[in-house]
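**Student:** Have a look at the structure that comes next, please.
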Amino acid sequence: MNLNRILTSVLVLISLYLAYRLYSGIQGTIDKTKAIQTTEEAIITKLKFIREVEIVFQEVHKRYTANWDSLSQFVENGKVPNIQRREEIKQVGYGQEEVKVFFDTLGFTSVRDRIFKKNFTVSASDNGIFMGFKIKVGDRALKNQKAYLLKVGDKLQEVPFQEQGMITALAPVTVGTEVKKGELLINYWDYAFDPAIDIKNMGQVPMLPGKNFDIAVGKVDKNGVMVQVIEVRDPRPVNPARKESNEAKNRKPLHFGSKFDVTTSGNWESQ
């Protein structure tokens, strides 16, 4: 083997090695970016769930809680009163009225149903003649699937669902009946969160077994009124860009709420 062939072979091997290193570096960066994105999506989903539980907890108990066991027990066993607001108006003099406001409790809903189930309705899109439903109770509707037929003037409208979900009730309206715009026609619901979520470990950070989110509750003075506040934060961001010292709020560790302001907004919502 002459010198030229030896040099050529060495150069080929070096080129292959450099190409492999370049590919590995690029692929490694892509894989790392995907892993960070996947982890952050899981963290955001968990933070949204915790936020919803805390909001309902505060609605019932008039305070937030930093106790994960209390939150778990609340979801598993708690109930939320169904409150109806009504007014009574009484004439107390010429041109004068006295208004009394009452809040009636009309039964209770389990916390689990309140948090996990999101209810939707479909109403008549216009004044017209009802021409029939395109779905029945017990069916699962898909987004943009046709819900019902409505004749408006000479035109026949096929009105779609705006969300997906399980049909629970159809209005007792028959074909040929005149309906008014806004008249309720369909009730349905869908899960707002994964029903298989581990309630007992709701405070655990995804991909970090045994590590819980940092949680802080308290009160702040707003114009002389002490108001409840809460903040729940990812204690160990996987994204190097999410440093506590970062001045941009939406690039700080993923969190919702604030220890110093009355809000339950998540910083991912402003990205």
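**Student:** Kindly provide the set of residues from segment 110-138 that are surrounded by fewer than 16 Cβ atoms within 10 Å (Cβ to Cβ) and within 28 Å of GLN73 (Cβ to Cβ), ordered by number.
**Tutor:** Once the filter is applied, which keeps residues that are surrounded by fewer than 16 Cβ atoms within 10 Å (Cβ to Cβ) and within 28 Å of GLN73 (Cβ to Cβ), segment 110-138 yields SER110, ASP113, LYS118, ASN119.
**Student:** Cβ-Cβ below 7 Å, separation at least six or inter-chain, first residue in segment 96-119 and within 12 Å of VAL80 (Cβ to Cβ), second acidic (Asp, Glu) and surrounded by 12 or more Cβ atoms within 10 Å (Cβ to Cβ): which pairs?
**Tutor:** Pairs found: ILE115/GLU52.
Listed here are the residues, each with its yes/no results for (1) more than 21 Å from ASP198 (Cβ to Cβ); (2) within 19 Å of the chain's Cα centre (by Cα); (3) in a strand (DSSP E or B).
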site	(1), (2), (3)
ILE89	yes, no, yes
GLU97	yes, no, yes
VAL101	yes, no, yes
ILE115	no, yes, no
THR121	yes, yes, yes
LYS136	yes, no, no
LYS143	yes, yes, no
ALA147	yes, no, yes
THR168	yes, no, yes
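**Student:** For segment 50-62, how many residues meet the condition of being at pLDDT 95 or above and either among the β-branched types (Val, Ile, Thr) or not in a helix (DSSP H, G or I) (or both)?
**Tutor:** Final tally of qualifying residues: 4.
**Student:** Can you name every residue in segment 65-84 that is under 21 Å from ILE230 (Cα atoms) and touching a residue at least 24 places away in the same chain (Cβ under 8 Å)?
**Tutor:** Within segment 65-84, THR65, ALA66, TRP68, LEU71, SER72, PHE74, VAL75, GLY78, VAL80 meet the criteria.
**Student:** A further question on this structure: Hey, GLU163 hits all of (1) assigned by TED's automatic domain parsing to the domain that holds GLN58; (2) not in a strand (DSSP E or B) but one; which does it fall short on?
**Tutor:** (1)
The values are calculated or read from the model by the stated rules, or taken from the named source; none is laboratory data. In this text the structure is predicted, and so the values were computed from the model without any measurement. All Cβ positions, glycine included, derive from the backbone under ideal geometry; neighbour counts span all protein chains shown.
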